[in-house]
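Trainee: Here it is, the structure, as structure tokens.
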Amino acid sequence: MISPFNLTGKNIIITGASSGIGRATAIAASRQGARLFLFGRNKERLNKTLRETENPDSHKCYSIELTDYAKVSALFDTFYGQKIKFDGLVNCAGISTTLPLVRINEEKLADFFQTNVFAAIHLTKLVSKKKFLPSGGSSIVFISSVMGMVGEQGKTLYGMTKGALISATKSLALELASKKIRINSISPGVVKTTMSENAIYSRNEQALKMIKEKHPLGLGSPEDVANACVFLLSDAAKWITGTNLIVDGGYTTR
């Protein structure tokens, strides 16, 4: 009997695949047999991800700026010409910051919403078109954050964008269910990635200690979130949609 977690034969797009959660998701999905379409800004780092996957020759890398909607749409025209359909999409690409209200301006608002929200919605819109849908439907995952659910000082800007993804998940799940498209989000706590290592709290021993203490099970690894992505992409989650899966080491239990 084939495991319901198996992704063999499934075409999966993963954005932000050049590092962190995106890279870990690519590796985990490849081990379950998926054929990957890896999106990221940095070609060299994308190729590093590719080398770490199972069966790297069966996957494709695309160095592309996701907020360049015309180029992304043109790429999907190419996919259509190749008669490629997509069984899943994981929207991992995103940016983070810690900023007080006085430093939030229109430019930063636009940048964060373009990258964290608008680009993901644009991709979701493309993938959900009938011409890209396999007969069995598809699964789309947004990587949100616990900051989309709870508050922390300096996390207004970041939390706004992540909260938007959680809200979008619920409405899109209802809208796209008739097309057999499942929509879910994952809200991680603090995960040990390059992004978190560059965060302000990581530069201060006391601040980092406080962050760790807020996670009863300790800080997470990219693989912790990647495994949750594989679950939601797989047939093991075929009756799950509109859900925000919290993977936070206990952060939100407080």
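Trainee: Can you name the residue in segment 217-254 that is aliphatic (A, V, I, L, M) and assigned to a loop (DSSP other than H, G, I, E, B) and is also surrounded by the fewest Cβ atoms within 10 Å (Cβ to Cβ) among such residues?
Mentor: My answer is Leu217.
Trainee: Looking only at segment 122-137, which residues are touching a strand residue (DSSP E or B) at 6+ places or on another chain (Cβ under 7 Å) and either among the charged types (D, E, K, R) or assigned to a helix (DSSP H, G or I) (or both)?
Mentor: Leu123, Thr124, Val127
Trainee: Report every pair of residues separated by at least 6 positions or lying on different chains whose Cβ atoms are under 8 Å apart, first residue within segment 100-124 and free of Cβ contacts under 8 Å to residues at least 40 places away in the same chain, second surrounded by fewer than 15 Cβ atoms within 10 Å (Cβ to Cβ).
Mentor: Pairs found: Asp111/Ile95.
The rows are residues; the columns are (1) hydrophobic (A, V, I, L, M, F, W, C); (2) modelled with pLDDT under 95.
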position	(1), (2)
Gly189	no, no
Thr194	no, yes
Glu197	no, yes
Glu213	no, yes
Glu223	no, no
Ala228	yes, no
Leu232	yes, no
Asp235	no, no
Gly250	no, no
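Trainee: For Val102, which of the numbered conditions (1) under 28 Å from Ala70 (Cα atoms); (2) loosely packed, with under 14 Cβ neighbours inside 10 Å; (3) among the hydrophobic types (A, V, I, L, M, F, W, C) fails to hold?
Mentor: Condition not satisfied by Val102: (1).
Trainee: Scan segment 76-102 for residues that are in a helix (DSSP H, G or I) and out of contact with any helix residue (DSSP H, G or I) (no Cβ under 9 Å at 6 or more places or on another chain) and jot them down.
Mentor: Asp77, Thr78, Gly81, Val102
Trainee: In the list Leu7, Leu46, which residue meets the criterion of being surrounded by 20 or more Cβ atoms within 10 Å (Cβ to Cβ), in a loop (DSSP other than H, G, I, E, B) and more than 15 Å from the chain's Cα centre (by Cα)?
Mentor: It is Leu7.
Trainee: Taking segment 116-156 as the region of interest, how many residues are under 16 Å from the mean Cα position of the chain (by Cα) and charged (D, E, K, R)?
Mentor: Looking only at that region, the number is 1.
Trainee: Within segment 18-42, can you find the residues that are surrounded by fewer than 24 Cβ atoms within 10 Å (Cβ to Cβ), under 21 Å from Ser135 (Cα atoms) and not aromatic (Phe, Trp, Tyr)?
Mentor: Correct list: Gln32, Gly33, Arg35.
Trainee: Ok, one more. Return the pairs, sorted by first residue and then second, in which the second residue is of a type in the set (Asp, Glu) and not in a helix (DSSP H, G or I), the first residue lies in segment 72-98 and is without any contact (Cβ under 8 Å) to a residue 60 or more places away in the chain and buried (at least 18 other Cβ atoms within 10 Å of the Cβ), the beta carbons are less than 9 Å apart, and the residues are 6+ apart or on different chains.
Mentor: Listed by first residue and then by second, the contacts come to Val72/Glu65.
Trainee: From the list Thr15, Thr67, which residue is buried (at least 21 other Cβ atoms within 10 Å of the Cβ) and either touching a Pro at 6+ places or on another chain (Cβ under 7 Å) or hydroxyl-bearing (Ser, Thr, Tyr) (or both)?
Mentor: It is Thr15.
Trainee: Could you go through segment 23-43 and let me know if any residue there is in contact with a Gly (Cβ under 8 Å, 6 or more places away or on another chain), outside any loop (DSSP other than H, G, I, E, B) and β-branched (Val, Ile, Thr).
Mentor: no
Here is a yes/no grid of residues against (1) farther than 21 Å from Leu36 by Cα; (2) at pLDDT below 95; (3) out of contact with any Lys or Arg (no Cβ under 6 Å at 6 or more places or on another chain):
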site: Glu52; (1), (2), (3): no, no, yes
site: Asp57; (1), (2), (3): no, no, yes
site: Ser73; (1), (2), (3): no, no, yes
site: Gly81; (1), (2), (3): no, no, yes
site: Asp87; (1), (2), (3): no, no, no
site: Thr115; (1), (2), (3): yes, no, yes
site: Ala119; (1), (2), (3): no, no, yes
site: Lys125; (1), (2), (3): no, no, yes
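The values are calculated or read from the model by the stated rules, or taken from the named source; none is laboratory data. Keep in mind the model is a prediction, meaning the values are calculated, not measured. Methodologically, a virtual Cβ is constructed for each residue, glycine included, from the backbone with ideal geometry; neighbour enumeration extends over all protein chains shown.
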